[in-house]
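Engineer: Can you read through this structure? Questions will come right after.
The values are calculated or read from the model by the stated rules, or taken from the named source; none is laboratory data. None of the values given here were measured: they were computed from a predicted structure. Positions of Cβ are backbone-derived with ideal geometry, glycine not excepted, and every protein chain shown enters the neighbour counts.
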Amino acid sequence: MNRLLAFKLGAIALLIIVLLIPLSMIGGLVGERQYQRAEVLQDIARSSSYRQQLTGPILVLPYTKVWQQWKTHAKTGERYMEEQRHQGRLYFLPERFVLNGHVATEERARGIYKALLYRSDNKISGAFKLPARLGLGDELGLYQFERPFLSVGISDIRGISNDLQLRFNGQNLSFAPGSAEERFGAGVHAPLPALDSQGGQTLEFAFDLKLQGTEQLSITPVGRDSRVELTSDWPHPSFIGEYLPSSRDVSTEGFKAQWQTSFFATNLEEALATCVRGDNCKGLSARHFGVSFVDPVDQYLKTERAIKYALLFIGLTFAVFFLFEVLKRMAVHPVQYALVGMSLALFYLLLLSLSEHLSFALAYGIAAIACVLLIGFYVSHVLRSAQRGAGFATLLALLYGMLFALLGAEDYALLMGSVLVFGVLAGVMVLTRKLDWYGVGGLPSVKTANEG
């Protein structure tokens with residue numbers, strides 16, 4: 001291989017490495033724009049309401065336990081009876097918990113950034129089945145009970161948009177602000193009528209909850225038998241939490257999902273007991289499921305993914321350019337390679353800036369057409385043929401089309417990328433199968449050397 005060919009290949013390799021600098025700068029710009037958008041979304045959520053998690057309802061029964069205990073006087077040694085008191089609370093989870101909710105989404109814009117808010121209209125119902133003698137057995141007579149209440153934990157109470165009314169065993173009761181239980185965080189509670197201390201009864205409850213939030217809605221399945229159904233107009237749900245839906249139907253019109261859990265799957269009674277004993281309620285709050293309403297693949301993520309293919313894209317384009325040079329016996333200066341490479345890098349900057357104002361598909365089309373036309377016009381003069389320039393532009397347009405397909409097919413991106421690289425390599429091998437590489441390098445071919 002002569003020095004000229006070695007210099008050309010070295011210059012092309014060096015140029016590809018140099019082009020990593022503007023590509024990395026554009027990648028950094030993508031991260032910066034993502035951070036700015038996240039700040040705006042956080043600010044919008046701060047002005048309205050954050051992501052919501054619903055925990056409850058849980059029946060809470062405050063008590064004071066009173067008993068007599070013998071003690072010995074420290075100085076006289078006389079024994080005497082002293083009254084002991086202990087205040088605490090009993091907690092009861094629902095036997096049945098049902099939630100039917102419809103979630104409507106809407107966009108809020110601030111500048112060029114948009115945040116997705118949701119409004120959920122939930123109908124919550126169920127029943128408590130109190131154990132006999134409230135689970136206290138023979139010690140029931142030692143307890144003095146205060147007024148019970150129903151506690152519902154709501155992570156951001158600013159999102160409550162209706163006057164909460166509880167239907168409890170045929171009575172209409174009002175909710176009050178605050179969960180009245182520090183372990184459950186913010187929320188609401190409803191004071192209840194006195195309970196039968198003998199227990200054993202079933203207590204029906206129902207209430208409507210209209211809740212606004214951002215990003216995601218999650219629910220803690222507090223019932224021994226919990227059934228939750230959510231419908232929404234959001235076509236890109238991401239199901240989150242510890243439990244996946246038992247059934248779901250997702251379409252371009254929205255989704256419908258159903259969950260069903262039991263105490264055997266959630267072990268919620270033990271989690272609640274741990275929360276009450278040690279003031280550590282992470283296990284209780286972690287047992288949830290729900291839906292995330294964030295676009296799983298937004299324009300920034302797609303642009304970032306496109307940049308990951310940039311090196312491959314530029315390498316393939318240079319390979320096609322080099323094939324034109326070798327097969328047509330034409331000299332292309334490294335500066336011309338550099339100008340084509342900069343045009344390819346500029347595509348990603350155009351894509352980023354346009355996608356902030358247009359849909360990603362439209363922004364991609366405009367940026368790709370602009371680069372194809374510019375490079376096609378330039379190459380037609382470099383290769384001294386409008387037909388060759390049109391052919392090069394057609395191949396470049398096919399590459400852009402394949403890249404767009406790669407970005408859209410998240411699950412099959414690796415497979416499609418592998419097939420693309422294999423196809424390009426096969427095409428290069430077919431086109432150069434009869435090429436005399438010694439002749440390209442300025443050296444005698446193997447056949448000529450043997451004949452000499």
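Engineer: Can you say whether Y80 is without any contact (Cβ under 8 Å) to a residue 12 or more places away in the chain, surrounded by fewer than 18 Cβ atoms within 10 Å (Cβ to Cβ), assigned to a helix (DSSP H, G or I) and aromatic (F, W, Y), as far as the supplied structure shows?
Structural biologist: Working: without any contact (Cβ under 8 Å) to a residue 12 or more places away in the chain: yes; surrounded by fewer than 18 Cβ atoms within 10 Å (Cβ to Cβ): yes; assigned to a helix (DSSP H, G or I): no; aromatic (F, W, Y): yes.
It is false that Y80 is without any contact (Cβ under 8 Å) to a residue 12 or more places away in the chain, surrounded by fewer than 18 Cβ atoms within 10 Å (Cβ to Cβ), assigned to a helix (DSSP H, G or I) and aromatic (F, W, Y).
Engineer: Could you identify the single residue in A345, A361 that is farther than 30 Å from L217 by Cβ and not assigned by TED's automatic domain parsing to the domain that holds S238?
Structural biologist: When all the criteria are applied, what remains is A345.
Engineer: List pairs: first residue in the stretch 316-343 and without any contact (Cβ under 8 Å) to a residue 12 or more places away in the chain, second residue of a type in the set (V, I, T) anywhere in the structure, Cβ distance under 7 angstrom, at least six positions apart or on different chains.
Structural biologist: E325/V332
Engineer: Ok, one more. From K8, K75, grab the single residue that is of a type outside the set (G, A, S) and either free of Cβ contacts under 8 Å to residues at least 60 places away in the same chain or touching a strand residue (DSSP E or B) at 6+ places or on another chain (Cβ under 6 Å) (or both). Walk me through how you get there before you give the answer.
Structural biologist: Working: K8 fails: either free of Cβ contacts under 8 Å to residues at least 60 places away in the same chain or touching a strand residue (DSSP E or B) at 6+ places or on another chain (Cβ under 6 Å) (or both).
Only one candidate passes the filter, namely K75.
Engineer: Using beta carbons and a limit of 6 Å, which pairs, at least six apart or on different chains, have the first residue in the stretch 43-72 and under 22 Å from P148 (Cα atoms) and the second one among the acidic types (D, E) and surrounded by fewer than 16 Cβ atoms within 10 Å (Cβ to Cβ)?
Structural biologist: Between residues of the stretch 43-72 that are under 22 Å from P148 (Cα atoms) and residues that are among the acidic types (D, E) and surrounded by fewer than 16 Cβ atoms within 10 Å (Cβ to Cβ), the close pairs are P62/E146.
Engineer: Quick one: in the stretch 358-383, of everything that is among the hydroxyl-bearing types (S, T, Y) and assigned to a helix (DSSP H, G or I), which residue is modelled with the highest pLDDT?
Structural biologist: Y364
Engineer: Right, here's the next one. Just checking, does the stretch 384-393 include any residue being of a type in the set (S, T, Y) and buried (at least 20 other Cβ atoms within 10 Å of the Cβ)?
Structural biologist: Of all residues in the stretch 384-393, those of a type in the set (S, T, Y) come to 385.
Now narrow it down to the ones that are buried (at least 20 other Cβ atoms within 10 Å of the Cβ): none.
No: the stretch 384-393 contains no residue that is of a type in the set (S, T, Y) and buried (at least 20 other Cβ atoms within 10 Å of the Cβ).
Engineer: Among residues belonging to the stretch 384-427 that are hydroxyl-bearing (S, T, Y) and assigned to a helix (DSSP H, G or I), point out the one that is modelled with the lowest pLDDT. Full working, then the answer.
Structural biologist: Filtering the stretch 384-427 for residues hydroxyl-bearing (S, T, Y) gives 385, 394, 400, 412, 418.
Imposing the further condition that a residue be assigned to a helix (DSSP H, G or I) reduces the set to 394, 400, 418.
On the way: T394: 87, Y400: 85, S418: 73.
Top of the filtered list is S418.
Engineer: Tell me, please, whether a residue that is assigned to a loop (DSSP other than H, G, I, E, B), of a type outside the set (V, I, T) and under 26 Å from the mean Cα position of the chain (by Cα) can be found in the stretch 313-329.
Structural biologist: no
Engineer: Check N122, N172 and return the single one that is loosely packed, with under 13 Cβ neighbours inside 10 Å and in contact with a strand residue (DSSP E or B) (Cβ under 8 Å, 6 or more places away or on another chain). Walk me through it before giving the result.
Structural biologist: Working: N122 fails: loosely packed, with under 13 Cβ neighbours inside 10 Å.
Result of the check over N122, N172: N172.
Okay, residues lined up against (1) in contact with a Leu (Cβ under 8 Å, 6 or more places away or on another chain); (2) in a loop (DSSP other than H, G, I, E, B):
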site	(1), (2)
A127	yes, no
E139	no, no
Q144	no, no
S179	no, yes
S197	yes, yes
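Engineer: State yes or no: is V335 β-branched (V, I, T) and either closer than 30 Å to P245 by Cβ or surrounded by 18 or more Cβ atoms within 10 Å (Cβ to Cβ) (or both)?
Structural biologist: no
Engineer: Given (1) surrounded by 19 or more Cβ atoms within 10 Å (Cβ to Cβ); (2) over 22 Å from P57 (Cβ atoms); (3) assigned by TED's automatic domain parsing to the domain that holds G101; (4) out of contact with any Ser or Thr (no Cβ under 9 Å at 6 or more places or on another chain), where does F313 come up short, assuming only one miss?
Structural biologist: The one condition F313 does not meet is (3).
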